[in-house]
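Participant: Take a look at this one; I'll ask things after.
The values are calculated or read from the model by the stated rules, or taken from the named source; none is laboratory data. Because the structure is a prediction, the values reported are computed rather than measured. Virtual Cβ from ideal backbone geometry, glycine too; neighbours counted across all protein chains shown. Each accessible area value is taken on the protein alone, full model and side chains, heavy atoms only, with ligands, DNA and RNA left out. Shrake-Rupley method; radii C 1.70, N 1.55, O 1.52, S 1.80 Å.
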Amino acid sequence: MIAANAAPTIAALNLEVRLPAHRGHPGGCTVCGHTERVRIELLLAGGAGQKAIGRKFGLSKDSVHRHWHNHITDERRAALVMGPAQRQALSAQ
């Protein structure tokens, strides 16, 4: 359980919604396989630019774009934007 005033952890955000299976790319999605995947997704959900994220994490802006549009469901986007504390409050209602 997360305290109301505690900052959400990346691990807590990762528990809620799983990513769908990869399609099309024989080596798999470079973002899905990245060690900072959840952080990348949080930055994207917060409005950071795909090109800037690609530069920061050594990815192409195209791979970041494909990941966001092909592997992130609407449910996961909402979960990333909302955060675990707000999801917990909604589920308690």
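Participant: For residues that are surrounded by fewer than 17 Cβ atoms within 10 Å (Cβ to Cβ) and of a type outside the set (S, T, Y), scanning just region 68-77, find the one that is modelled with the lowest pLDDT.
Facilitator: This residue is E75.
For every residue, the table says whether it meets (1) loosely packed, with under 15 Cβ neighbours inside 10 Å; (2) at pLDDT 85 or above.
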residue: I10; (1), (2): yes, no
residue: H22; (1), (2): no, no
residue: V31; (1), (2): no, yes
residue: L42; (1), (2): no, yes
residue: G46; (1), (2): yes, yes
residue: Q50; (1), (2): no, yes
residue: R55; (1), (2): yes, yes
residue: R66; (1), (2): no, yes
residue: A85; (1), (2): no, no
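Participant: Looking at N70 and the list (1) in contact with a Leu (Cβ under 7 Å, 6 or more places away or on another chain); (2) in contact (Cβ under 8 Å) with a residue 24 or more places away in the chain, which single condition is not satisfied?
Facilitator: With (1) in contact with a Leu (Cβ under 7 Å, 6 or more places away or on another chain); (2) in contact (Cβ under 8 Å) with a residue 24 or more places away in the chain applied to N70, the lone miss is (1).
Participant: Still on this structure: List the pairs whose first member sits in region 41-58 and is under 16 Å from R77 (Cβ atoms), whose second member is open to solvent by less than 50 Å² (accessible area, probe 1.4 Å) and in a helix (DSSP H, G or I), and whose Cβ atoms are under 6 Å apart, counting only residues at least 6 apart or on separate chains?
Facilitator: Going by the 6 Å Cβ cut-off, the qualifying pairs are E41/L80; L42/L80; L43/I53; L44/W68; A45/L80; Q50/V64; I53/I40; I53/V64.
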